[in-house]
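Structure first, then comments.
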Amino acid sequence: MLTRVLLASTLAIGPCIAMANDSLPYKTAAENGIKTCLTQIRDVGNFIVKGNAHASHDFWNRDNANDRMFSSFLVKSYSDGDSHISVIVGPDKSGACYAEYNETSFWPKSCTVLREEVFSGFKFSGALKGTTTVLENPEGSVNIYMTPQNGGNSCLTTKREVIYY
């Protein structure tokens, strides 16, 4: 059975927001007895939020929590707006853990300008569907997907990283 915990809830209850220390996904996993890949949930969660205010909506398999993946959807606050982050951490067939996160943001500037101002350390890696530019960091471990919006005056980006432990 899939368990759902909504930590950023309705207006009647108010949002649960973390500001410092450990991320909400880690706290949720630890409080619910998840042991497998808990260190990786903590490391990835803390790396992603780095003390920023955030809220999460977490999923895990209640019947087999330590043999299945843990999934979290986060909203992370920045000074100029929020991003959406999807995180999956779990054991793989070899018994080791893996993690993947995808952070999506909307920018009120063109992808061309954004590429020079924010992602200048990334190299061109390809294109998807002719409209989305794919960038890659020098190590080949992080990709940025950039899709023009509003006639090219703004940009939708997704940062993606897969980690094998």
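The values are calculated or read from the model by the stated rules, or taken from the named source; none is laboratory data. Owing to the predicted nature of the structure, the values given are computational and were not obtained by experimental measurement. Methodologically, a virtual Cβ is constructed for each residue, glycine included, from the backbone with ideal geometry; neighbour enumeration extends over all protein chains shown. Note: accessible area is taken over every heavy atom of the protein model, side chains too, but ligands, DNA and RNA are not part of it. Shrake-Rupley method; radii C 1.70, N 1.55, O 1.52, S 1.80 Å.
For the chain, what is the accessible area per residue in Å² when the probe is 1.4 Å? Kindly include the intermediate steps, with their values, before the conclusion.
Numbers: 9370 Å² over 165 residues.
I get 57 Å² per residue for the chain.
Once you list every other residue whose beta carbon is under 12 Å from the beta carbon of Tyr26, what net charge do they have if Lys and Arg are +1 and Asp and Glu are -1?
-2
Summing -39500 (n - 2.57) over the DSSP H runs of n ≥ 4 in the chain and dividing by its residue number, what mean residue ellipticity at 222 nm do you reach, to the nearest 500 deg cm²/dmol?
After summing the helix terms and dividing by residue count, I get -4500 deg cm²/dmol.
Taking every pair of Cα atoms in the chain, average 1/r, invert it to obtain the Kirkwood radius, and report Rg/Rh to two decimals.
1.01
Roll a 1.4 angstrom probe over the protein heavy atoms and tell me the percent of accessible area of the chain that is carbon or sulfur. Could the numbers behind the result be given before it?
On the way: 4990 of 9370 Å².
Accessible surface attributable to carbon and sulfur in the chain totals 53 percent.
Restricting attention to region 89-145, which GluC sites (Glu not before Pro) occupy a DSSP loop and are surrounded by at most 14 other Cβ atoms within 10 Å?
Glu139
How large is the charge dipole for the chain, taken about the Cα centre, if only the Cβ atoms of Lys, Arg (+1) and Asp, Glu (-1) carry charge, to the nearest 20 debye?
Taking the Cα centre of the chain as origin, the dipole is about 180 debye.
Restricting to DSSP loop positions (anything but H, G, I, E, B) with no more than 15 other Cβ atoms inside 10 Å of their own Cβ, which trypsin sites (Lys or Arg not before Pro) remain in region 68-165?
Answer by residue number: Lys93, Lys109, Lys129.
Against the longest alpha carbon principal axis of the chain, how many degrees, from 0 to 90 and to the nearest 10, is the axis of helix 38-49 turned?
40 degrees
Using unit Cβ charges (K, R positive; D, E negative) and no other charged atoms, how large, in debye to the nearest 20, is the dipole of region 108-159 about its Cα centre?
Dipole of region 108-159, to the nearest 20 debye: 140 debye.
Would you list which lysines come within 28 Å of Lys76, measuring only between C-alpha atoms, while excluding same-chain residues fewer than 8 positions from it?
Counting by Cα, and skipping residues close in sequence, Lys76 has these lysines nearby: Lys27, Lys35, Lys50, Lys109, Lys123, Lys159.
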